[in-house]
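Only one structure is covered here, and it is reproduced in the block below.
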Amino acid sequence: MGEWSIRPASGTDVEAVAELRAVVLRADLERLGRYDERRVRQRLRDGFVPAHTWVIEVGGAFAGCVAQRPAEDAHWLEHFYLAPHLQGNGIGAAVLRGLLERCDRDGILVRLNVLRGSPARRLYERHGFTLDTEDPVDVFMVREPASAGAGARRRVHMA
């Protein structure tokens, strides 16, 4: 795993995140017959909330992002994208682990949706997410908070 860091997002990050989303989701959206060059970016712009988003940097350069949006009964893990050339090196797993550890400490249920057939689903399953519901496009998953006494694990601080 390369050296990486995470920082709070700002409004100026929106275009880099929108572009990365288009790259990362393209193959899955095309497979599902849902890829639209403009819409894939606009949906991100419309839902981008810097206050709930972190930017992942590798070597000081933009490499990805993740958002955690509070909702009434849970937090939604959203916009979790990592540049394709960095996938499979443990960075995404480490970022996810840090988010989930914080939710576990606070007793927070985490929800997400992933495109049907996406290899990202395996990452989420390895971290305790289970199937909630699905439709022809999305798989909705949920993760109960781990018990408080699960032992000490590496903490990743997300300011």
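Which distance in Å, rounded to a whole number, links the C-alpha centroids of region 1-27 and region 30-65? For region 1-27 versus region 30-65, the Cα centre distance is 6 Å. Accessible surface area normalised per residue over region 1-98 is 51 Å², counting heavy atoms of protein chains with a 1.4 Å rolling probe. For the chain, modelled as a GNM whose springs connect Cα atoms under 10 angstrom apart, the maximal fluctuation among Arg39, Arg102, Arg111 occurs at Arg39. Taking amide hydrogens as placed 1.01 Å from N in the peptide plane, the amide H of Trp76 sits under 5 Å from those of Arg69, Ala71, Arg111, each at least 5 positions away in sequence or on another chain. Dipole size in debye (nearest 20) for the chain around its Cα centre, Lys and Arg Cβ +1, Asp and Glu Cβ -1? So the magnitude is around 300 debye. Panel values: the chain, Kirkwood radius from alpha carbon pairs, Stokes-Einstein at 20 °C and 1.002 mPa s, translational diffusion coefficient 133 µm²/s. Here the Debye sum runs over all C-alpha atoms of region 88-127 as equal scatterers in vacuum, and log10 of I(q)/I(0) at q = 0.15, 0.20, 0.22, 0.33 Å⁻¹ comes out as -0.39, -0.67, -0.78, -1.18.
Taking every full run of DSSP H in the chain, the ones that stretch at least 24 Å from end to end by Cα along their long axis and average 0.0 or higher on the Kyte-Doolittle scale are 14-31. Toward the positive end of the charge dipole of the chain, about the Cα centre and with charges on Cβ (Lys, Arg +1; Asp, Glu -1), which of Pro8, Gly98, Leu20 goes farthest? With unit charges placed on the Cβ atoms, the residue in question is Gly98. From the largest down, region 79-149 spans 34, 30, 18 angstrom on the principal axes of its Cα atoms.
Using a probe radius of 1.4 angstrom, the carbon and sulfur fraction of the accessible surface of region 1-94 is 50%.
The values are calculated or read from the model by the stated rules, or taken from the named source; none is laboratory data. All values derive from a computational prediction rather than experimental measurement. Neighbour counts run over all protein chains shown; Cβ positions are idealised from the backbone, glycine included. When the accessible area is computed, the model is the full protein with side chains, heavy atoms only, and any ligands, DNA or RNA have been set aside. Shrake-Rupley method; radii C 1.70, N 1.55, O 1.52, S 1.80 Å.
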